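Read the structure below first, then the notes.
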Amino acid sequence: MRRKRGSWVGAVAALALTVGMATACSSDEDNAGGVCATVPNGTPVAAAASAYPASRGAQNLSTNPEIASGYRSGMTPVRTHSFAVSTANPVSTKAACEVLRDGGTAADALIAAQTVLGLVEPQASGIGGGAFLLYYDANTKAVDAYDGREIAPAAATENYLRWVGDTDRAEPKPNARASGRSIGVPGVLRMLEMVHHDHGKTGWRDLFEPAIGLADRGFPISPRLAGQIAESAKDLAVDEDARAYFLNPDGSPKPADTVLTNPAMAKTLGAVAADGAQAFYTGAIARDIVDASGRSSGGRTPSLITTEDLAGYQAKKRTALCTGYRTHEVCGMPSPSSGGITVAATLGILENFDLAAMRPDDIDRNGGRPDAQAVHLISEAERLAYADRNKYVADTDFIPLPGNSAQTLLNKDYLKQRAGLINPNRSMGTAQPGDFGPVPLGTSPQPPEHGTSHISVVDKYGNAAAMTTTVESAFGSFHLVDGFVLNNQLTDFNADPLGTDGVPVANRVQPRKRPRSSMSPTLVFDKAGDGSRGELTHVAGSPGGSVIIQYVVKSLVSMFDWGLDPQQAVSAVAFGAANSPTTGVGGEHPAVNATDNGDHDPLVLRLRQLGHQVSVAPQISGLSALERDGADSWIGGADPRREGAVLGDTR
C-alpha cells in the first residue's frame, strides 16, 4: 500500500475543502487508479454552518456538547459494489476507502480511519481516547465485541471526581472535566492492535502512512472544527500545547481553511507504526502522557495516572449482545457500554406495537415528518429502557447485572410487561426501573455524556465493522500531548458514589474500572425461520453521548418498520427521550418549525398535548448506516448534521 506521501496529502487536502459532498470510489483510469472522487450532494457544511451559531445559547450542551453546524438538506444515498465505508469526515473516509480498494480488510480500514480522524476531528476522537467495536468475520460467521474503553487509574478512589483528596475536600480545579482527574488511561490503540492481529491483512506500519503524511504536510481546518475551536478557545488556552496548536499567537481561534501541521503527532504515529501499540503505552510517550496529565499549571488539579497504569492497560474481547427484533437479529456492545442493552431493551418494548402503521408523512430525501404517536411510543419505550440502564448497568467486571446476565433485563416477558406501562395517550414523564428484588444498588441521576465519532465499514471479503470512538467532550480534557488530545472519559462515572437513597451506585468510580458508556455500534442480520443467524444486512452507529441510543433506535426503526433507505433514515428528524420528562425533537431538521420554541409546529404541539416537555434544540448526531442492496452491493447514508461521507467502489 506504500505510495508517495506528497501526492496523497495533496489529494486529501483538496478533499477536506469539500466537506459538503458525498463521495464514491472510482476505478476509472483517469482518476489515479481508484482515488476517491467527489460528487455534489446537498448543502456544503461550510454554507450550512451559519444556520446555528456556535454559542452556548444555541443548544443544550448537557446533551449536545459539540456545536451545531447546520443540516445538508436533500442528501442522496451512495450505492457501492463490494465494499463501503462511512466516517465523520471525508478525509478519513478517503483514507479508509483506499485501504479497502487495495485489498485491506475492515479491520485495516479502521486503523487508517481512526488515525486520520484524530487529526481532522480532534474535538471528537483520537488515539488519546477509547472505542468500542463490533466485528463480523464472514468466514466464521462470528461477531466479536472489542472493548477499548478507558479505565480509571489504580490510585482513583470513589471520590476521585468530587474532591482533591480525603483530607482536602476541595473540588478539582478548574472543574472535574478540565482537571487531570477526568483523564482515563486511553484504550483505542490497544484495541485496534488486537483487532488487527485477529482480522488484519495489510501491514500494520502501512496503515499509519496516510495520517503521518497528513500530519507532516498539513490539512485545512474544516468549518466544523473551526467552529468548535472558537467555542472552546478559553479552555484550550489553559494548556500550553493546546493553545499553541489551536489558537493564534494573540489567543484568537484559528479559522476555517487555516492549514494545520502536526509534527508531534507524526512522530507519535511513526513510533506506534514501527513498534506497535507498546510504543504508546511504555517509554517516552507514556511518560509524556503522565507528565501532561499531572500538570498543575493554570491551577489545574493533576491526574493520578502512572506509567504503570499505562503499561498495564489491556483491551478486552467480549461476547456481543445479540437479540431479535421482528425478522432481524440486532447485535450491539455489552457492558461496560450500556448502548447494546438499552437499544435492545427499547426495541424489545417496541416489538409489542405496530410501528409499521405509523409511517412518517410526506417522506422525502430528508425522511419526512414523523408521526406523533410513533414519537410518543418510542420516547416512552426509551424512558423505560434508560431507567433500567441508569440503575443496573455498569462495568460488569465490577458490578454484576441482575441475574448475572443481560438477558434478565431483555427477557421478552419482562419487556412485554414494561410495554404495558406505556399509556398511548399520556407521557409517563419519568419511568421507574424494574424491580429485581434485593439488588444492592442506589438510584442515581445520569451523568452527562458527550462527544464522539463513528465508523461503519464493509469490505470485499464480506467482513464488517462498526466502531464508535471518543475522547468524550469536545477536545476531551483540553490537554494536548505529543500531538493528540487526552480524553475526559472519567466524567462518565457518577461523581457522587452514593445514590439519592444513600446506597452506592453501580457507575461509581473504582480503581481500574471502566466508566459506563452509551456508545452503540450495531450490526444487523436477517433472522432465519429457525431463529439462526442469516445474512449481514446493516452496519450502523452514531456519536452523541447519552443520546446515541436514541439516534440509533430512530434509524433502525426507520429502516426496519418504515422502509426508509439508509440516507433517509439518518437524515430523518432526530427524536427521543432519556429518563426525564423532556422529549427531544431536532429543530435543525427542515420538517420541524423550531421558531418560537416549536409553538407552531404540529408535531411539537401534539406531543405537548400528550404530556411531553418538548425541546427543539438542534440534535448533533453523526449517524452512518450501510445496508445490503442485493447479493453483493451496498447502499449507505451519512448524517447531514456533520461533515461525514460514504465511499465505496462503484460499478
Calculated [θ] (222 nm, deg cm²/dmol) that DSSP helices of n ≥ 4 give over the chain, each run adding -39,500 (n - 2.57): -8500 deg cm²/dmol
Label-point separation (nm) for Lys316 and Arg426, each offset 7 Å from Cα along Cα-to-Cβ? 4.3 nm
Tell me, Met191, Met559 in order of fewest to most beta-carbon neighbours within 10 Å? Met559, Met191
Express in nm, to one decimal, how much length is gained between Ala356 and Asp413 on full extension, taking 0.36 nm for each residue of separation and deducting their alpha carbon distance. 18.3 nm
Between (1) 33, 30, 24; (2) 50, 32, 20; (3) 43, 30, 23, which matches semi-axes √(5λ) of the Cα gyration tensor in Å calculated for the structure shown? (1)
So what is the relative contact order of the chain, in percent, for Cα pairs below 8 Å that sit 6 or more residues apart? 23 percent
Counted charge near Leu605, where neighbours are those whose Cβ lies closer than 12 Å (Asp, Glu -1; Lys, Arg +1): -1
Can you run phi through the Karplus equation (6.51, -1.76, 1.60; θ = phi - 60°) for segment 484-497 and list ³J(HN,Hα) in whole Hz, with x for Gly and Pro? 10, 7, 8, 5, 10, 5, 5, 6, 6, 6, 6, 5, 8, x
How much length is gained if the chain between Lys234 and Arg287 is pulled fully straight, taking 0.36 nm per residue apart and subtracting their Cα-Cα distance, in nm to one decimal? 16.4 nm
Flagged links, alpha-carbon separation over 31 Å, of Lys234/Lys267; Lys416/Lys460; Lys94/Lys267; Lys412/Lys460; Lys94/Lys234: Lys416/Lys460; Lys412/Lys460; Lys94/Lys234
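Every number in this text was worked out from the coordinates using simple rules, so none of it is lab data. This structure is a prediction, so every number in the text was calculated from the model and none was measured. With ideal geometry, Cβ positions are generated from the backbone for all residues, glycine too; neighbour counts draw on all protein chains shown.
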